[in-house]
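S.K.: Sharing a structure below in structure tokens format, with a few things to ask.
A short reminder: the numbers here are calculations on the coordinates, not readings from a lab. Model, not experiment: these values are computed from the prediction. Please note: Cβ atoms are built from the backbone with ideal geometry, for glycine as well, and neighbour counts cover all protein chains shown.
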Amino acid sequence: KSQHNMLRLITRKKHRKTTKCTRFTPCRTYAAQHKETSAAKVSFMRSLYSGKFQESIDYVSPYPVDTALDAEQREHLEMVVDATDKFFATSNDPAANDKNSSVPEEVTEGLKDIGAFGLQVPEELEGVGLTNVGYARIVETIGKYGDLGLGIYLGAHQSIGFKGILLDGNEEQKKKYLPDVATGRKIAAFALTEPSSGSDANSIKTKAVLNEAGTHYVLNGSKIWISNGGIAEIFTVFAQTEVDDPKTGGKKDKVTAFIVERSFGGLTHGPPEDKMGIKASNTAEVFFNNCEVPVENVLGEVGSGFKVAMRILNNGRFGMGAALTGAMKASMQIAVDHASNRVQFLGNKIKSYGLIKEKIGNMALRIYATEAMTYMISTIMDSGKGDYELEAASLKVFASESAWYVCDESIQVLGGMGFMKELGLERILRDLRIFRIFEGTNDILQLFVALTALKSTGDGLKVLTDAMKNPVGNFGAISGFVGKKIGKSFGMYDKVNMKVHDSLTGEVAELEKMAMVFHTTCEGLLIKYKMGIKDQQQICKHLAICSTHIFATTSVLARATNSAEKQTHGYENELNMAKAFTTFAKDIFEQNVKLIKDTKVDENIANVADDIFKEGGYNVQSPLGF
Amino acid sequence: MAYRVLVACKHAIDLSTVKIRIKPDKLGVVTQGVKMGIAYFDELAVEEALRLKEKGVASEVIAVSVGPADAQKTLRHALAMGADSAVHVNTGDVELAPLQVAKALREIVREVEPQLVLTGKQATDGDYSQTGQMLAGMLDWPQATQAAELNVENDSVKVVRETDAGLETISMNIPAVVTAGLRLNEARLVKMPNIMKAKKEEN
């Protein structure tokens, strides 16, 4: 009988979302849930995962960045960019900052002068009032001058340090704190990570206990690797607070965000960490010892700290794309200048050699795509419509890996000179390494992208788990789910309808193929693993890489089309890059799909690793036997 | 005696532009999509005017730009540096040669009646080095070009000029025209509060 039901559902083909199924409660719940999910939080990547590529294609195509700023904002931004550019060109010495592991007083004063501490704070609160697009442009300029340590000093302060107040603070908190931090009178820091809690942010141990009088929370605990930890006055601190547990009627711990002033007392810090890179940025442990925080300083709601933290980190990620775009451009420029002048073999400039062209070309592709995505995401953020957390996370991964590649290859182009301190590339490379680790490790972000997207568009995955508890009674939900998915595989997905320049029609066809294969792959995985997909980390990583490259390709095609229409300077090269990038992305995409479909390689690698962990090390005998 | 100083600034191609390209019709340089801003030496002229004000020699610094709508950006920059007011002679899309610019400036001089006119020795895109000299000629004022040093004392302007043959010191009576050379000074960095103020000013 159950098989009969399945067949009926398959042949019916049109299993509607808003089904009027009355017999199976889970079905209705699923439908209601799905409606809710699809109404809220539409984003390009979520649509991609649910096979509805078309649903949010207009977030990215036509390329929206032209509309991001009006004439006045544009002029204002140009002036701020000029001031920033001039400052960094004349008044900052990145090599010295790296050598001394500090930012000199005069530089800090100069940064205050150009408003660098409060770029996104509203003018009324003594900030520069830039939008996200504006902020991205400034941060790109800072990255261009190769002082990422200073960039992090500023970024940890405003992109995450006090961003929570900007996003979730109430009026009193904003008025009280924003002017001081916007002008640089006080420095801010973001204190989440603890010795035993890195990626697993919910497991933090710092506790905040409400005092008898109900006036203050008393903080106890310690944080590690806090940027600006040794110099900040204002901290956004995350701690466990006791809240009521509706399920058990008792209490449970949930994270709450607090605005903590050093002046509250009970807050101390450790010595500056000795790091591989971004040395100019102060990194320190922060200790809370009966630190009393007034209840008015709860940021957001009690118990909503995790959401606050994720919102802050999510909101700041595009900034990394911008900084890294600047740093990549600077690195590549050094390589281009060198290759244009260096002569080797038969009196030829090395720029004429294939292996050098390969490096520069590949660098340019990555810069172009990172830049395209950065400005697109910040435009989407400014427009207020649509979600962007998956795109921002993908950008962070793509940008940090690209930046490492670009700087590393630039060093290669320069040969021995690239290895020398005086050139500065080695410092940039050291600075770049942390970008793949902090603000969400690339590994976690890739899992986040795959699982979040699969979950939210996985059409009631939660309902499915509920249904799985009683498979027989809830067969309707499961078969409905499966039926819908199978129906989709039979060719019922959204076609890509993206308008591009004439020369890119082949590339759009490739993109469409990728989107289709991606969608059917996702379906297959959901059917095969259901909830178990979350434990298939390697597969999730492959999925994330696939979706990132689809997003990147779409951004690149949209950007190149836009430039070709306006015939901006260099648009022909943009079209070239668009073509080259699509091929490059397709290659990576196909590799990853292959590894999803045939899990043998990944499994073997996991087995190798298991053996090594069992033995506690590389467990193979030397070829010599000793 | 506190002087009114008029500083003429051109909205020109930024010095950091890697390659200045000639338009296909060969009638000028490409400015579309190219970074433009206050011409390098004109900025030095603004700086010098502001220093005269700080020394008490000048009472008012007025910036003027003869150029397209975008020249507003250059004027706002001058205001953000500290100029008291700005005048924009909007030429729209028409490109003017130094002679026409000088004629326009002559009219402004007649209206504003400054005791000193400062400008850069030449602009980065045209590199003409003519406007200041022509203006002085039209006004029948003394001129000192390629200034490396400027001092004002008792209605007399003393300028050390750089020439190919070496340094030359000239003394002139005000009113006079001086064009700024490379070693005259180093322009100040603009501060954000001033940028914000300049943003709001209507001209």
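S.K.: Which value results when the Cα radius of gyration for the range A:513-585 is divided by 2.2 N^0.38 Å?
M.R.: Dividing the Cα Rg of the range A:513-585 by 2.2 N^0.38 Å gives 1.46.
S.K.: Tell me, what is the percent relative contact order of the range B:1-111, built from C-alpha pairs under 8 Å that lie six or more residues apart?
M.R.: Across the range B:1-111, relative contact order equals 29 percent.
S.K.: Can you pull out the trypsin sites (Lys or Arg not before Pro) in the range B:1-75 that DSSP calls coil and that have at most 15 other Cβ atoms within 10 Å?
M.R.: The qualifying sites are B:Lys19, B:Arg21, B:Lys26, B:Lys35, B:Lys55.
S.K.: A follow-up question, please. Need the list of lysines near A:Lys499 for cross-linking: C-alpha distance under 24 angstrom, and skip anything on the same chain fewer than eight residues off.
M.R.: Output for A:Lys499: A:Lys52, A:Lys385, A:Lys513, A:Lys566, A:Lys579, A:Lys586.
S.K.: I want to verify the translational diffusion coefficient of the range A:276-369 in µm²/s; compute it with Stokes-Einstein, Rh as the Kirkwood radius over Cα pairs, at 25 °C and 0.890 mPa s.
M.R.: 134 µm²/s
S.K.: I would also like to ask the following. Quick one: compute a quarter of the convex hull surface over the Cα atoms of the range A:535-626 and quote it in nm².
M.R.: Answer in nm², one decimal: 9.5.
S.K.: Which translational diffusion coefficient, to the nearest whole µm²/s, is obtained for the range A:127-226 from the Stokes-Einstein equation, given a Kirkwood hydrodynamic radius over C-alpha pairs, 25 °C and 0.890 mPa s?
M.R.: Translational diffusion coefficient: 155 µm²/s.
S.K.: Let me ask something additional. Testing the spin-label approximation: label points 7 Å from Cα along Cα→Cβ at B:Asp140 and B:Gln32. State their distance in nm.
M.R.: 4.6 nm
S.K.: Evaluate the relative contact order of chain A (contact order divided by residue number), counting alpha-carbon pairs under 8 angstrom at least 6 apart; express in whole percent.
M.R.: Here the relative contact order equals 17 percent.
S.K.: While we're looking at this one, here's another question. Would you work out the Kirkwood radius for chain B? I mean one over the mean of 1/r across all pairs of different Cα atoms, in Å.
M.R.: 16.9 Å
S.K.: How much length, in nm to one decimal, is gained on full extension between A:Asn607 and A:Lys247, taken as 0.36 nm per residue of separation minus their Cα-Cα distance?
M.R.: Once the chain is fully extended between A:Asn607 and A:Lys247, it gains 125.5 nm.
S.K.: Over its Cα atoms, what ratio of radius of gyration to 2.2 N^0.38 Å does the range B:98-203 give?
M.R.: That ratio works out to 1.18.
S.K.: In the structure displayed, which of A:Lys175/B:Lys191; A:Lys275/A:Lys396; A:Lys144/B:Lys199; A:Lys144/B:Lys10 lie more than 29 Å apart, Cα to Cα?
M.R.: None, as every Cα separation is 29 Å or less.
S.K.: Hey, another quick one. For the protein assembly as shown, what does the helix formula give at 222 nm: sum of -39500 (n - 2.57) over DSSP H segments with n ≥ 4, over the residue count, nearest 500 deg cm²/dmol?
M.R.: Theoretical 222 nm ellipticity from helices: -16000 deg cm²/dmol.
S.K.: For the range A:46-184, what is one quarter of the convex hull surface built on the Cα atoms, given in nm²?
M.R.: Averaged projected area of the range A:46-184's Cα convex hull equals 10.7 nm².
S.K.: Then there is this: For helix B:98-112, report the angle its Cα long axis makes with the longest principal axis of the Cα atoms of chain B; keep it between 0 and 90° and round to the nearest 10°.
M.R.: It is inclined by approximately 50 degrees.
S.K.: Okay, next question. Where a Cα-Cα gap under 17 Å defines reach, which aspartates and glutamates qualify for A:Lys186, not counting those fewer than 8 residues away within the same chain?
M.R.: Output for A:Lys186: A:Glu105, A:Glu106, A:Glu109, A:Asp113, A:Glu126, A:Glu233, A:Glu261.
S.K.: If all Cα-Cα distances of the range A:212-284 are sorted into 10 Å bins from 0 onward, what percent lands in each bin, rounded to whole numbers?
M.R.: Final binned percentages: 16, 40, 26, 14, 5.
S.K.: Now, a different point. Please list the radius of gyration and Dmax for the range A:73-144, considering alpha-carbon atoms only, with Å as the unit.
M.R.: In order Rg, Dmax, the Cα atoms of the range A:73-144 give 12.6, 38 Å.
S.K.: Can you pull the Rg over Rh of the range A:39-93, Cα-only, Kirkwood?
M.R.: Taking Rg over the Kirkwood Rh, I get 1.29.
S.K.: Give the aspartates and glutamates whose C-alpha is closer than 13 Å to that of B:Lys158, dropping any in the same chain fewer than 8 places away, or say none.
M.R.: B:Glu149, B:Glu168
S.K.: Could you state the principal axis extents of the C-alpha atoms in chain A, from the largest down, to the nearest angstrom?
M.R.: So the three principal-axis extents are 81, 80, 72 Å.
S.K.: While we're looking at this one, here's another question. Nearest-5 percent of antiparallel DSSP beta bridges in the protein assembly as shown?
M.R.: Looking only at bridges with both residues in the protein assembly as shown, the antiparallel portion is about 65 percent.
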